[in-house]
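Any read-out appearing in this document is the output of simple, stated calculations on the displayed coordinates, not a laboratory observation. Bear in mind the structure is a predicted one, so any value in this text is a computation, not a measurement. Glycine also receives a Cβ, built like all others from the backbone with ideal geometry; neighbour counts cover every protein chain displayed.
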Amino acid sequence: MSANASAGRPDPDALLARLHEDDARARRGRLKIFFGAAPGVGKTYSMLEAARALRAAGTDVVVGYVEPHGRPETEALLDGLEILPPQELEHRGIHLNEFDLDGALSRHPALLVVDELAHSNHPGARHPKRWMDVQELLADGIDVFTTVNVQHVESVNDVVAQITGVQVRETVPDKVFDGADEVELVDLPPDELLQRLREGKIYAEAKIGSALDSFFREGNLIALRQLALRATADRVDAAMRAYRERHAIRDVWAAAERVLVCVGPDPLSERVVRAARRLATALHSGWIAVYVETPALAAALDRGARDRVLATLKLAESLGAQTANLPGESVAAELLAFARARNVSKIIVGKPSRPRWRDRLKASLVDEIIRGSGAIDVYVITGEAEALAPAARRLPSRSSRPFAYAQSAFVVAGVTLLCAALFGHIERANLVMIYLLGTVFVAARFGRGPSVMAAVLSVGLFDFLFVPPRYSFAVSDAQYLITFAVMLVTALLISQLTARGRRQASIARQRERRTGELFTLSRELMHSRDLAELGTILVRHVLAAIDGEAAVLLPDAEGHILDPTHFCTRGATPAHVMRYPVPGNDLGIAQWARDHRESAGCGTHTLASADAVYLPLNAPQRCIGVLGLRPRDPRQLEIPEQMHLLEALVNQAAIAMERVQLAQDARSADRQIEAERLRNLLLASISHDFRTPLAGIIGSASTLLDSASTALSEERRRSLLAALLAEAQRLHRLVGNLLDLTRLTSGPVRLKREWVALDELIGAVLGRLGDVLAQREVTVDQPPDLPLVRCDEVMIEQVIFNLVENAHKHTPPGTPIRITARAWPALVEVRVADAGPGLPAGEESRVFEAFHRARDESAQSGFGLGLAICKAVVDAHGGEIRARNLPEGGAEFSFTLPREQEPPAAPP
Amino acid sequence: MNAPQARVLVIEDDPQIRRFLAAALEAHDYALDMTTTGMEGLRLATLRLPDIVIVDLGLPDISGLEVIERLRAWYTRAIVVLSARSQEADKVAALDRGADDYLSKPFGVGELLARLRVAQRHVATRLGEEPQARIEVGALAIDLDARRVQRDGIDIHLTPIEYKLLTVLARHRGKVMTHRQLLREVWGATHVESPHYLRIYLRALRHKIEPDPARPRYLLTEVGVGYRLADSLPQ
């Protein structure tokens, strides 16, 4: 916001965001949540009552799924409401009833009632969670009523677990809860709830006892009620803030806060993430969860630990955080740099419990962060000392290979042999130098472990072999102890330095690779104008990043995703394109991804059981298509940085593809405008050119039919009849030309190519025009051995005919016409020259345009079509047609036909 | 002018063309039968045994080509086809199936009568009623017995193939011969797909026979269909 904008005005960005939100909401269905503290407070009952009221008011209400738990009051309310039949799923031989999402979408009521938003769907359903079904319903414009208990809200899930001792697995992400258009708290005081439970209104008789003992203790219920009330109050508060923002009440507007939480592999991270979420909510601020992976950490983490990190990041995402995965050398430095770049005001870290002596030796991560944090507040969350998997901080795997140790031992052995050879010739101090050299070499080459081993070995061997008393580990001179120490320390230092250098290089390489990948992609995309080629480029780059099979699936005009054509596996050349073996089901996933503009399949929330992931090619204005990727190792998709790279690649390609599509659209629009213009010209031209002969025909015929015509002289009658015939023939020619042109321009021209002698066609044309040309001197100049040309005989004869007729029509009677045929190495040329007035200057190329007539006022009725036909025919043959004025006067039209190949051998 | 009235069967569905054909043919003393469908045409042909059948290629029930095929199973007299312009492929197909000639719509009376005359004479030759040893067109004379070709009384030397080509055209004088028909008769059935033979030999033949090869008067090109030897020279 600029500095001179008055402080009282609302932030335009915020206003814009609200407008967008309102917009999206107008299309989306509205979500109303009936929210309660515990089962049995009457959520379903209230929901059904509200639904009945709306139905009575005329709304199209359908019950999608309700779990009556055998409560008669609830069942009574269902009476008279339309209930959607459940979807039957079979899982390992058991029939399960599940909410039928597709049924609901196709029924498309105004309001759908779906109980238990937190429900986990049975395997085989489209989404793993019911709240995802609801999201899709909302996106489709269906209003939804649903119910949620407080313990199912993700961010308070752990608090509830602490209070009740019951871990609830089925949760609803906070963003869904917060995104609801309306939340109605269904409240019941705990003693009344207990009363209802005892009366058997909530659970069946048999379960009452255990329920009373575990979950339904009064203390629990009070705490849960408090949580539910607070969550509702928070929403009211948020609504209030939104109102203030909307109405420019700014005095309570706090400086923007941003919370960053550091995630690590230990289980404590989950608690830290939840704490961060609560803090961020309390501060009404955005928050970011960050995982910094150092190469050391990457090497040390086992698969389980890595999965835990990814799970924690996913949890944070579901709680509404942005997530980032940063590669870096130092956790603290990377974290702080990121925090500064993002304007973070508070950092939250967990405090792992570890022995105090280690804190003395080396500053903990927390210490490092606090020391470098500057203006940023740091919150440290203490965890219980539960089973923390001690992260084995070992060196990069390279040094741990037994092979490296063996090689190091070889080096030391070599050094020892050399020393044995030199022993006696040089001083012992210099032998130490040789050992040191060997150790340094090992340190630089194989890393820390082997270098320590080499140092110890060297010290031992040197002591044993060369230090008196020889062949014993006893040391006579205490000075050698210093030698040993120096050797050991040197080896450690050097190995440390080289290891760090190598690590930094590997990080730099990774970054370089990613940036380079994006850069080359964008460069390649820029140079292509073809959608199919863009698809191939994208597939190639995606496969370079993730090994597997990939394909670009493009929709047809109706938006149905088609079987892809641009498919390849890594290493296959673009030319090596084959059909993507997509199972029919996968095409459905791809369709879903395109329709919803969201990723689907493996590694996503939608249809995660597929073995391929489908990413929509989302461009600003449209979804171009879908990228399908079947990774060789599905775990690759769980690495956030890989997914980010993939998304970046896909987005870039989508934008490039949209650019190409827009250009195509523009071109086809231009073509349509041009075609429209031609059509109008044609209509104008036709009506003029047809009217003239028709006038003659109608006039002559009606005169002859007239009763008074008997008075006409025989001579006059004959002249009228002759006029009738001539005009009809003229019409015939016009229609013929028109048909020819339509045929030639309305689609690809089908040529019936044969070996043709052009001299023969010239002769045929002169025969056809014999009467017309009787008064002219027509000379033909052609070599007797004019080569045969492969062309469409009928069409080329028409070209020659039109050119000669054109020359005849546009020159004064009696002037000569000259026809020349010539053979050149690569083509054959035919020229038709006249001695008339020539073409108007500048009109030489325009004469081939349809409906063009050089002199509009010419007495000769042309149709302007003849030359356009010639051009279309010659173009179709791959030849050229030209018109020019001759220096000696007159116009010359010429066309060429390529001599593609030599005619077959002469016949016997 | 046709002393024994020649009988013509017209199979054509367009009323305007029917009216025109009826007027023109009756004015020139042809006995006329008319029908609009192919099936009825085939039936009438067996009943009336016409000297000439005129068939339109586009009929409402069965195609004109089929009518020709079925007729030719037994019918030896003349068949003339009516077709629209720019349907060279159809014309060739009709000729190859045994039609004697074709007329492109629209056509005039003069053209119609000329074609009918040629077709009739043809049939006469084919049926051996009028064996010819000597064929004369304008100044060109072909003596089939003596294997001699003369123009203006001067001998023209032809190669055997050229001579054979000329005699095939001469025996069907005035009638269009398709490329296939010529290739089959001159070179044999194995060469019907090599039309460039024809182009080259016809050019050679024209250079020997025609006074002005650039403007042939004897050996006429029917573009896209085939060749014909002129029936008579225009004055």
Can you sort A:SER269, B:SER194 so the residue with the fewest Cβ neighbours within 10 Å comes first? B:SER194, A:SER269
Using +1 on the beta carbon of Lys and Arg, -1 on that of Asp and Glu, and nothing else charged, what's the dipole of segment B:168-215 about the Cα centre, debye to 20? 120 debye
What's the magnitude of the charge dipole for the protein assembly as shown around its Cα centre, counting Lys and Arg as +1 and Asp and Glu as -1 at the beta-carbon? Answer in Debye, nearest 20. 3220 debye
Quantify how strongly other chains surround peptide A:758-769 by giving the mean number of their Cβ atoms within 10 Å of each of its Cβ atoms. 5
For peptide B:186-196, compute the average count of partner chain beta-carbon atoms within 10 Å of each residue's beta-carbon. 2
Applying 1/(1 + (r/R0)^6) with R0 = 22 Å to the Cβ-Cβ distance of A:LEU492 and A:SER330, what FRET efficiency is obtained, to the nearest 0.05? 0.65
Which entries of A:LYS175/A:LYS351; A:LYS32/A:LYS346; B:LYS105/B:LYS164; A:LYS314/A:LYS351; A:LYS809/B:LYS208; B:LYS105/B:LYS208 show an alpha-carbon separation above 30 angstrom in the structure shown? A:LYS32/A:LYS346; B:LYS105/B:LYS164; A:LYS809/B:LYS208; B:LYS105/B:LYS208
Could you work out [θ]222 nm for the protein assembly as shown from helices alone, using -39500 (n - 2.57) per DSSP H run of at least four and dividing by all its residues? Round to the nearest 500 deg cm²/dmol. -15500 deg cm²/dmol
For A:TYR379, A:TYR65, A:TYR435, what ranking results if the residue with the fewest other Cβ atoms within 10 Å of its Cβ goes first? A:TYR379, A:TYR65, A:TYR435
Label points 7 Å out from Cα along the Cβ direction at B:HIS28 and A:ASN885: separation in nm? 5.0 nm
Charge dipole of chain B about the Cα centre (unit charges at C-beta), most positive-ward option of B:VAL192, B:VAL53, B:THR35: B:VAL192
Once you list every other residue whose beta carbon is under 9 Å from the beta carbon of A:SER155, what net charge do they have if Lys and Arg are +1 and Asp and Glu are -1? 0
HN-Hα couplings for segment A:605-618 via Karplus (6.51, -1.76, 1.60; θ = phi - 60°), in whole Hz with x for Gly/Pro, come out as 7, 10, 6, 5, 7, 5, 9, 10, 10, 10, 9, x, 8, 7
If you place +1 on the Cβ of every Lys and Arg and -1 on the Cβ of every Asp and Glu, how big does the dipole about the Cα centre of segment A:638-779 come out, in debye to the nearest 20? 740 debye
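Taking the DSSP beta bridges in the protein assembly as shown as the whole, what percent of them are antiparallel, to the nearest 5?
Details: 65 of 132 bridges.
Once the DSSP bridges in the protein assembly as shown are tallied, antiparallel ones form about 50 percent.
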Checking the cross-link filter: which aspartates and glutamates have an alpha carbon closer than 20 Å to that of A:LYS201, excluding same-chain neighbours under 8 positions apart? A:GLU49, A:GLU67, A:GLU73, A:GLU75, A:ASP79, A:ASP115, A:GLU116, A:ASP187, A:ASP191, A:GLU192, A:ASP213, A:GLU218
Using a cut-off of 14 Å between beta-carbons, work out the net charge of the residues near A:ARG342 (Lys and Arg +1, Asp and Glu -1, A:ARG342 not included). +1
Can you figure out the FRET efficiency of B:ILE62 with A:THR742, using R₀ = 30 Å and their beta-carbon distance, to the nearest 0.05? 0.55
Order of A:LYS43, A:LYS175, A:LYS201 from fewest to most other C-beta atoms within 10 Å? A:LYS175, A:LYS201, A:LYS43
Put +1 on the Cβ of each Lys and Arg and -1 on the Cβ of each Asp and Glu in the protein assembly as shown; which of A:GLY535, A:ALA695, A:GLY80 then has its Cα farthest toward the positive end of the dipole? A:GLY535
Lys and Arg at +1, Asp and Glu at -1: neighbours of A:ALA723 with Cβ under 12 Å from its Cβ sum to +3
Quick one: 3J(HN,Hα) in Hz for segment B:187-204, Karplus 6.51/-1.76/1.60 with θ = phi - 60°, rounded, Gly and Pro as x. 9, x, 4, 7, 10, 5, 9, 10, x, 5, 3, 4, 4, 5, 6, 5, 4, 4
Can you find, among A:THR416, A:LEU493, A:ALA684, the residue sitting farthest towards the positive end of the charge dipole of the protein assembly as shown, where Lys and Arg contribute +1 and Asp and Glu -1 at Cβ? A:THR416
Between segment A:657-700 and segment B:70-140, how far is it from one alpha carbon centroid to the other, in angstrom? 42 Å
Cα-based shape type of the protein assembly as shown, given that a ≥ b ≥ c are square roots of the gyration tensor eigenvalues and the cut on a/c is 1.5: prolate
